[in-house]
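Visitor: Next up is a structure, given as structure tokens.
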Amino acid sequence: MVKDMFNQVINKTNSNKSNKNIGSKSKIEKIFEYLENKNQKGFIPFVTCGYPNINDYIKLVSVLEKNGADIIEIGIPFSDPLADGPVIQSTSKIALDNGINTDIVFNSIKEIREKSSIPIVLLTYFNTVYRYGIDNFLNNASSVGVDGLIIPDLPLEEFYNYKNYFENSPLDNILLASLKSSQERLKKISSLTKGFLYCVSVKGVTGVRNNIDSEVIEFLKRLKKITQIPLALGFGISTIEQINEVKKHCDAIIMGSKILSVLLNANDFNEGLESVSKLVYEVNLVLKS
Amino acid sequence: MDDKKGRAIINKTIKAKKENKKIKFLKGYFGDYGGRFVPEILIDALEELEKKYKLAKRDKQFHEELNYYLKNYAGRPTPLYFAKRLTDYIGGAKIYLKREDLCHLGAHKINNTLGQVLLAKKMNKQNIIAETGAGQHGVSTAAVAALFNMKCKIFMGSVDIERQHPNVERMKLLGAEVVEVKSGSRTLKDAVNEAIRYWVSNIDDTYYVLGSVVGPHPYPTIVRDFQSVIGIETKRQIKRFEGRLPDYIIACVGGGSNSMGIFYPFLRETDKVKLIGIEAGGKGIESGLHGASLTSGEKGIFQGTLSNVLQDSFGQIKEAYSISAGLDYPGVGPEHAYLKEKGKVKYDYILDHEAVNAFKTLSELEGIIPALESSHAVAYAMKIASNLEKDKIIIVNLSGRGDKDMESVSKFFTNQLI
């Protein structure tokens, strides 16, 4: 009895964990623990499901894993991706033209799961989830082996309105923090996010960039003081120089547009895939040293 | 047993009432509709906008300045005009036209742009951006930016740039930079996407003048409030002419700003005044080529707000269609979705050819060339007036002038001949 009460208190204090996770860590939490113990940084590449086509996308995921990805972020293509720049707009459009829909995304993850147990997080705009039925979406996602969910157009207040759904799901709901978020918001966001906190490194949309906003390091330092949760930095991370600049202030790097732009600009998929493996291998080397 | 049942029902009602209350108090919501579904980076800017708007709303000086420009620059109040020849031709209810087409620049859009640009000035933002479909909101924003010596960028889909070319030239003359949007369907919805992306990337010094009652909170409220001047004037004018309120008010609905503007001051009198919003039926609802999100869309989240949306079964947004560029939008303002659900406003649609017919009829009978958007409302009035008694009163919001549509209409007739 007393022990139970004690556990409840522990659970309440550790706000980054929901009741359903009592005693058990999620796959994402475990990978960050592992990396921290080895004093290494995580690498999270992003791909658009169904780009360039469904088979090659599955091949791409396996190449990313082989070259050191710790978590794979898979984007469900959306017709109106507000938070995305030209690269992910293009790959999303190609994927949609290929006939990709939410069911196909889930099936593709099932297929990936036959060979791999790497943590997978889905990035999706909220209408995709809402239209599918929030419960249905969360159930299907977790049953095919998705580990976490990122919804860029579901900020704190709106997330709060749907919180019950997420609390009843085993998925890690990963929230986003921006350079413009107030201190108070950052505290709330980091207490509600699970698995990691997605830190947006630019005042802008996703895309290929060469430098780091001057406010980013201060931002990451500020967050480190607020929260224990791992910080993953994304949006605009494209070069080794950028990574060297920020890596000691965060726990992982998310890279999407850069990887996809290499594929978009290649003469054919195999050539692109070769360049991507090289890029990813080099990036990961920096993060693991 | 019965007692138990009774209590259960009471408890249920209390619970439902509590839930209703909860919904009402959610910030930025109209019932289930509205909200703020945007990337985290925009929240700060939307909060600041909301705060500054609330201050401005209570600020006498702000209203004085706005009223000064509405009167002396935009030409308000606009007349309420009894369309006698149209009324006689139909042979039924009396048809009045609220002449928003006589506003400076030829549409109701100026009511909102003046308000928002003054707000931007108060917020010390020097750069103005806006999206445009038909070009009316773009022209209006460009003009007001020129008036207040501010930098202005207008985002416009390449399809719209082609079909509304005179308006592109006007915006350029007024000193705005017109940014061609080549993504997606290259129409209004993509112009909004691109404007939001630009705003996200230039958040510190840029003010986004959204042109309709759509988008994240507080835009649907701000735009509705600035457009309410239409309904406030209408109420005063019809009382003066007829000594009573009208029986019907009809307005077209794309995003829904002119209709929200004329409906809003009448929402407490819907027992006497029937409010009717008219969407673009395009080539027919079954054809899939239309812009009728309230008639045939479903609940969804699009461009920052939860409303009725044209979408497929997986939530991908469908492209809208209408002969009028201003109604060619797959979403609609969240307050309209709410008013529809509550039964406060009735929504119906008019097909392309009916709108073109009204465009022609009003031009021939009254010497007034209505915008194709407004022609939808005129067409609906013509449809119902003949079945109504002669002492009934219909007011149509003539939201804009049709000079911009001459080419679309002549193309329509040429295609019909083929």
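The values are calculated or read from the model by the stated rules, or taken from the named source; none is laboratory data. Because the structure is a prediction, the values reported are computed rather than measured. So basically every Cβ, Gly included, is an ideal-geometry build from the backbone, and we count neighbours across all protein chains shown. Surface accessibility is based on the protein's heavy atoms, side chains included, excluding ligands, DNA and RNA. Shrake-Rupley method; radii C 1.70, N 1.55, O 1.52, S 1.80 Å.
Visitor: When region A:129-158 is examined, which residues are found to be open to solvent by 10 Å² or more (accessible area, probe 1.4 Å), in a helix (DSSP H, G or I) and in contact with a strand residue (DSSP E or B) (Cβ under 8 Å, 6 or more places away or on another chain)?
Guide: A:Tyr130, A:Arg131, listed by residue number.
Visitor: Search region B:330-371 for residues being in a strand (DSSP E or B) and not β-branched (Val, Ile, Thr), and hand back the single one that is least open to solvent (accessible area, probe 1.4 Å).
Guide: Selected residue: B:Pro370.
Visitor: Follow-up. Would you say A:Asp80 is touching a residue at least 24 places away in the same chain (Cβ under 8 Å), over 17 Å from the mean Cα position of the chain (by Cα) and buried (at least 24 other Cβ atoms within 10 Å of the Cβ)?
Guide: Judged against the criteria, A:Asp80 is a match.
Visitor: Here are some conditions: (1) in contact (Cβ under 8 Å) with a residue 12 or more places away in the chain; (2) over 22 Å from A:His249 (Cβ atoms). A:Ile174 meets all but one. Which one does it not meet?
Guide: (2)
Visitor: Please go through region B:138-154 and give me each residue that is in contact with a strand residue (DSSP E or B) (Cβ under 9 Å, 6 or more places away or on another chain), open to solvent by 10 Å² or more (accessible area, probe 1.4 Å) and not basic (Lys, Arg), ordered by number.
Guide: B:Ala146, B:Phe148, B:Met150, B:Cys152
Visitor: Restricting attention to region B:298-316, report how many residues are in a strand (DSSP E or B), buried (at least 22 other Cβ atoms within 10 Å of the Cβ) and either more than 7 Å from chain A (Cβ to nearest Cβ) or hydrophobic (A, V, I, L, M, F, W, C) (or both). Quick ask: steps written out before the conclusion?
Guide: Initial filter on region B:298-316 (in a strand (DSSP E or B)): B:298-302, B:305-309, B:311.
Now drop any that are not buried (at least 22 other Cβ atoms within 10 Å of the Cβ), which leaves B:300-302, B:305-309, B:311.
From the residues that got through so far, the ones that are either more than 7 Å from chain A (Cβ to nearest Cβ) or hydrophobic (A, V, I, L, M, F, W, C) (or both) too are B:301-302, B:305-309.
Number satisfying all stated conditions: 7.
Visitor: Would it be correct to say that B:Gly284 is part of a loop (DSSP other than H, G, I, E, B), modelled with pLDDT of 95 or more and open to solvent by 10 Å² or more (accessible area, probe 1.4 Å)?
Guide: Working: part of a loop (DSSP other than H, G, I, E, B): yes; modelled with pLDDT of 95 or more: yes; open to solvent by 10 Å² or more (accessible area, probe 1.4 Å): no.
When the stated conditions are applied, B:Gly284 does not pass them.
Visitor: What about B:Asp405, is it in contact (Cβ under 8 Å) with a residue 60 or more places away in the chain and part of a strand (DSSP E or B)?
Guide: Against the criterion (in contact (Cβ under 8 Å) with a residue 60 or more places away in the chain and part of a strand (DSSP E or B)), B:Asp405 does not qualify.
Visitor: Failed condition for A:Glu215, given (1) out of contact with any helix residue (DSSP H, G or I) (no Cβ under 8 Å at 6 or more places or on another chain); (2) free of Cβ contacts under 8 Å to residues at least 12 places away in the same chain, with all others met?
Guide: (2)
Visitor: Let me ask something else. Among the residues of region B:268-279, are any part of a helix (DSSP H, G or I), more than 30 Å from B:Asn193 (Cβ to Cβ), open to solvent by less than 40 Å² (accessible area, probe 1.4 Å) and in contact with a helix residue (DSSP H, G or I) (Cβ under 7 Å, 6 or more places away or on another chain)?
Guide: For region B:268-279, residues part of a helix (DSSP H, G or I), more than 30 Å from B:Asn193 (Cβ to Cβ), open to solvent by less than 40 Å² (accessible area, probe 1.4 Å) and in contact with a helix residue (DSSP H, G or I) (Cβ under 7 Å, 6 or more places away or on another chain): absent.
Visitor: Here is a list of conditions, (1) open to solvent by 10 Å² or more (accessible area, probe 1.4 Å); (2) under 16 Å from A:Leu123 (Cβ atoms), and A:Asn67 meets all of them except one; can you say which number that is?
Guide: With (1) open to solvent by 10 Å² or more (accessible area, probe 1.4 Å); (2) under 16 Å from A:Leu123 (Cβ atoms) applied to A:Asn67, the lone miss is (2).
Visitor: Turning to a different aspect of this structure: Please tell me if B:Asp271 is without any contact (Cβ under 8 Å) to a residue 24 or more places away in the chain and away from chain A (no Cβ under 14 Å). Before you say what the answer is, go through the steps one by one.
Guide: Values: without any contact (Cβ under 8 Å) to a residue 24 or more places away in the chain: yes; away from chain A (no Cβ under 14 Å): yes.
Yes, satisfied.
Visitor: While we're looking at this one, here's another question. I'd like the residue in region A:189-226 that is of a type in the set (Ser, Thr, Tyr) and farther than 12 Å from A:Ile237 by Cα and, out of all such residues, is nearest to the other protein chains (Cβ to nearest Cβ).
Guide: A:Tyr198
Visitor: Here's something else I'd like to know. Which of the residues belonging to region A:77-117 are within 30 Å of A:Ser178 (Cα to Cα) and among the hydroxyl-bearing types (Ser, Thr, Tyr)?
Guide: Answer for region A:77-117, where residues must be within 30 Å of A:Ser178 (Cα to Cα) and among the hydroxyl-bearing types (Ser, Thr, Tyr): A:Ser79, A:Ser90, A:Thr91, A:Ser92, A:Thr102.
Visitor: Among the residues of region A:106-121, write down those that are surrounded by 24 or more Cβ atoms within 10 Å (Cβ to Cβ) and within 14 Å of chain B (Cβ to nearest Cβ).
Guide: Answer for region A:106-121, where residues must be surrounded by 24 or more Cβ atoms within 10 Å (Cβ to Cβ) and within 14 Å of chain B (Cβ to nearest Cβ): there is none.
Visitor: So which of B:Leu119, B:Leu114 is open to solvent by less than 10 Å² (accessible area, probe 1.4 Å) and more than 23 Å from B:Gly326 (Cα to Cα)?
Guide: B:Leu119
Visitor: Of all the residues that make up region A:90-105, how many are surrounded by fewer than 24 Cβ atoms within 10 Å (Cβ to Cβ), among the hydrophobic types (A, V, I, L, M, F, W, C) and within 11 Å of chain B (Cβ to nearest Cβ)?
Guide: 2
Visitor: May I ask you to verify whether A:Tyr57 is under 16 Å from A:Val146 (Cβ atoms), of a type outside the set (A, V, I, L, M, F, W, C) and open to solvent by less than 30 Å² (accessible area, probe 1.4 Å)?
Guide: yes
Visitor: So, one more: Out of all the residues in region B:217-226, which are open to solvent by less than 10 Å² (accessible area, probe 1.4 Å) and more than 14 Å from chain A (Cβ to nearest Cβ)?
Guide: Our first condition is that a residue be open to solvent by less than 10 Å² (accessible area, probe 1.4 Å); within region B:217-226, this holds for B:218-220, B:222-223.
Result: B:Tyr219, B:Pro220, B:Ile222, B:Val223.
Visitor: Which residue pairs have Cβ atoms closer than 8 Å, lie 6 or more positions apart in sequence or on different chains, and pair a first residue in region B:194-216 that is at the interface with chain A (Cβ under 10 Å from one of its Cβ atoms) and among the polar types (S, T, N, Q) with a second residue that is surrounded by fewer than 24 Cβ atoms within 10 Å (Cβ to Cβ) and not in a loop (DSSP other than H, G, I, E, B)?
Guide: B:Asn202/B:Asn127
Visitor: Between residues in region B:320-334 that are farther than 13 Å from B:Thr295 by Cα and residues that are surrounded by fewer than 24 Cβ atoms within 10 Å (Cβ to Cβ) and small (Gly, Ala, Ser), which pairs lie under 7 Å by C-beta distance while being six or more apart or on different chains?
Guide: Filtered contacts from region B:320-334: B:Ile323/B:Ser408.
Visitor: Across region B:227-244, which residue is surrounded by the most Cβ atoms within 10 Å (Cβ to Cβ) among those that are of a type in the set (Gly, Ala, Ser) and within 22 Å of the chain's Cα centre (by Cα)?
Guide: So, considering only residues that are of a type in the set (Gly, Ala, Ser) and within 22 Å of the chain's Cα centre (by Cα), the one surrounded by the most Cβ atoms within 10 Å (Cβ to Cβ) is B:Gly231.
Visitor: Among the residues of region A:133-166, which ones are without any contact (Cβ under 8 Å) to a residue 40 or more places away in the chain, in contact with an Asp or Glu (Cβ under 8 Å, 6 or more places away or on another chain) and more than 13 Å from every other protein chain (Cβ to nearest Cβ)?
Guide: Listed by number, the residues that qualify are A:Leu149, A:Tyr165.
Visitor: So, in region B:185-216, how many residues would count as being within 24 Å of B:Ser307 (Cα to Cα) and open to solvent by 40 Å² or more (accessible area, probe 1.4 Å)?
Guide: 3
Visitor: Looking at B:Gly261 and the list (1) within 19 Å of B:Val159 (Cβ to Cβ); (2) not in a loop (DSSP other than H, G, I, E, B); (3) not aromatic (Phe, Trp, Tyr), which single condition is not satisfied?
Guide: Of the numbered conditions (1) within 19 Å of B:Val159 (Cβ to Cβ); (2) not in a loop (DSSP other than H, G, I, E, B); (3) not aromatic (Phe, Trp, Tyr), the odd one out for B:Gly261 is (1).
Visitor: Which of the strands (runs of 3 or more DSSP E) contained wholly in region B:63-179 include at least 1 residues that are of a type in the set (Gly, Ala, Ser)?
Guide: Filter on region B:63-179 gives B:127-132, B:151-157.
Visitor: Checking A:Ser182 against (1) open to solvent by 10 Å² or more (accessible area, probe 1.4 Å); (2) closer than 30 Å to A:Glu114 by Cα; (3) small (Gly, Ala, Ser), which single condition isn't satisfied?
Guide: (2)
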